[in-house]
Amino acid sequence: MADVDVAFSRVCDVFGFKTLNEHQKNALKFVIEKKKDVFVNLPTGFGKSVIFQALPLLFACVEPRREKNLVIVVSPLVSLMKNQVNLLLSLGISATSLNNETSDADRRKVESRRFSIVYGSPESWLGDTRWRKMLTSDTYKNSVRAVAVDEAHIICHW
């Protein structure tokens, strides 16, 4: 396994940071090295989103033989998803969101695992049979490395 600090350096290069903060490093090490779930509760501005946005890069560094590293993000806010997808695309990270504006071409790309990060609302993931079947397929079971719930404090019903 490649050195996690080298992987952190790669993340900083891509995201334009001098360094990751200790909260980010600790959470990422827990996921990468221990392969355990992590709950991060930090104030606005502490870089919580970077934790899950960095995961495809980190997995690619520490497990370079693995073909796909997909992160699923559950987010209830369409505008936040759009902003984060646009940021990731500007950094060269393949990302999209599932919503009523998603084109059929992008939907097919999601199904064929062309994105590293796929955002969707709880309703998109659970309310659409297409996405539920996709997530439970063998192809996706072998590709999904993490599921992140972003902005969980505003979800009123699970």
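The values are calculated or read from the model by the stated rules, or taken from the named source; none is laboratory data. Since this is a predicted model, take the numbers as computed values, not measurements. Because the Cβ atoms are built from the backbone with ideal geometry, glycine has one as well, and the counts that use them run over all protein chains shown.
Scanning region 61-71 for residues that are closer than 22 Å to LEU20 by Cβ and crowded, with 17+ Cβ neighbours inside 10 Å turns up CYS61, VAL62, ASN69, LEU70, VAL71. Annotation note: Cβ proximity below 6 Å between a residue of region 98-110 that is within 14 Å of LEU77 (Cβ to Cβ) and a residue that is outside any loop (DSSP other than H, G, I, E, B) (sequence gap 6+ or interchain) occurs for LEU98/GLY120; LEU98/SER124; ASN99/VAL78.
Test ASN86 against the stated conditions and say whether it is loosely packed, with under 14 Cβ neighbours inside 10 Å and over 26 Å from HIS23 (Cα atoms). Before the answer, list the steps.
Details: loosely packed, with under 14 Cβ neighbours inside 10 Å: yes; over 26 Å from HIS23 (Cα atoms): no.
Considered against the rule, which asks whether it is loosely packed, with under 14 Cβ neighbours inside 10 Å and over 26 Å from HIS23 (Cα atoms), ASN86 comes out as no.
Among the helices (runs of 4 or more DSSP H) confined to region 43-133, the ones with at least 2 residues that are of a type outside the set (Gly, Ala, Ser) and assigned by TED's automatic domain parsing to the domain that holds GLY16 are located at 48-62. Within region 72-83, the set of residues being more than 25 Å from THR136 (Cβ to Cβ) and either touching a residue at least 60 places away in the same chain (Cβ under 8 Å) or surrounded by 14 or more Cβ atoms within 10 Å (Cβ to Cβ) (or both) comprises LEU77, LEU80, LYS82.
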